[in-house]
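Right, one structure below, let's go through it.
Every number here is computed from the coordinates shown, using simple stated rules; none is lab data. The structure displayed is predicted, hence computed values, not measured ones. Because the Cβ atoms are built from the backbone with ideal geometry, glycine has one as well, and the counts that use them run over all protein chains shown.
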Amino acid sequence: MSRILLVEDETAIADTVAYALRAEGHEARHCLDGRTALAAVADETFDLAILDVGLPDVSGFALCAELRRRAPLPVIFLTAQAAEAERVLGFELGAEDYVAKPFSLRELLARVRVALRRPPPTSGGGIAAAGGFEHDRAGLRIRYRGQPLELTRYEYGLLAALLARPGAVLSRAQLMDRVWEDAPDSGDRTVDTHVKTLRAKLRAVAPDADPLRTHRGLGYSLDVD
Ligand code: CA
C-alpha cells in the first residue's frame, strides 16, 4: 500500500482517480490546489504525487519544485495540452512522468505502478556536482570551481536548466518556457542576453574554460566533461 498525494482542481476527475487508487489498495489524499497540498505534505509523507499542471493557485510544475524541496518524491503530471507534456520531458531529472487528459484510468494506474517501483529521485535537495559545477538545489545556489556564483534569478534558472541536462542542446523556446515561465512577454533576445551575462560570470572564474556552448540556430548546451 502506498500513500499518494493527488492534486487536481476538477473534482470529477479527482474523485474517479482517488476511487481507482483506493481500489488498487493505495491511500489517496486529494487536494484542490497547491496551498492545501503543501499543508498536506507538512504533516504526512507520500510515496508519489499526481499533480494537475493547471491548478488554480500555482502551476503543477512550481508545486513539484516546492514538494521536492521538502522530500524526494516521484511525480506524475496530468497535462491538458501538448505544450505541457513537452515541458515534462524537459524537466529536471527524469523522475517524472505524465498522462495527457483525457486519460484512461488503466493508463494512469499503469504509470503509478511504474513510478512506485522507481527509486525516489534525489533532486529534493543535496548537491549535484558535474564539470566543476556544484548545484545546491535546495539553497538555489551554484558554485563553479569552488566559487559561489552571484547570479540573477534568470541566470540561475538558465544555468540550472542546462545543468539538469548536461551536454543536451536546449532551444531558446525550451529555455524560455522553462526559465521565463512567469514572464511570457519576454522577447526573442531575452535568452541570448542572459546567456551573455552568464558566460561573462563563468569566464570571470575560469577564463580558459568555455562550458556554455552556442549551437547556431539550435540553442545552447553546457559541457560538463
Ligand atoms: Ca486543472
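By the gyration tensor of its Cα atoms, with a ≥ b ≥ c the square roots of the eigenvalues, what is the shape of the stretch 1-117: rounded for a/c under 1.5, prolate for a/b over b/c, or oblate? Note, shape of the stretch 1-117 comes out rounded. The length gained on full extension between R153 and A129, counted as 0.36 nm times the residue separation minus their Cα-Cα distance, comes to 6.6 nm. Indicate the gyration tensor shape class of the stretch 154-225 (rounded, prolate or oblate), computed on the Cα atoms with a ≥ b ≥ c the square roots of the eigenvalues: a/c under 1.5 is rounded; otherwise a/b larger than b/c is prolate and the rest oblate. Note, shape of the stretch 154-225 comes out prolate. Multiplying the residue separation of R143 and D182 by 0.36 nm and removing their Cα-Cα distance gives an extension gain of 11.5 nm. Entry for the chain at q = 0.13, 0.15, 0.16 Å⁻¹: log10 I(q)/I(0) = -0.79, -0.99, -1.09, Debye formula applied to identical alpha-carbon scatterers, no solvent contribution.
With an a/c value of 1.5 or above and a/b not larger than b/c for the gyration tensor axes a ≥ b ≥ c computed over the alpha-carbon atoms, the stretch 1-64 is described as oblate. What the Cβ-Cβ distance of T16 and D210 gives, at R0 = 35 Å and to the nearest 0.05, is a FRET efficiency of 0.10.
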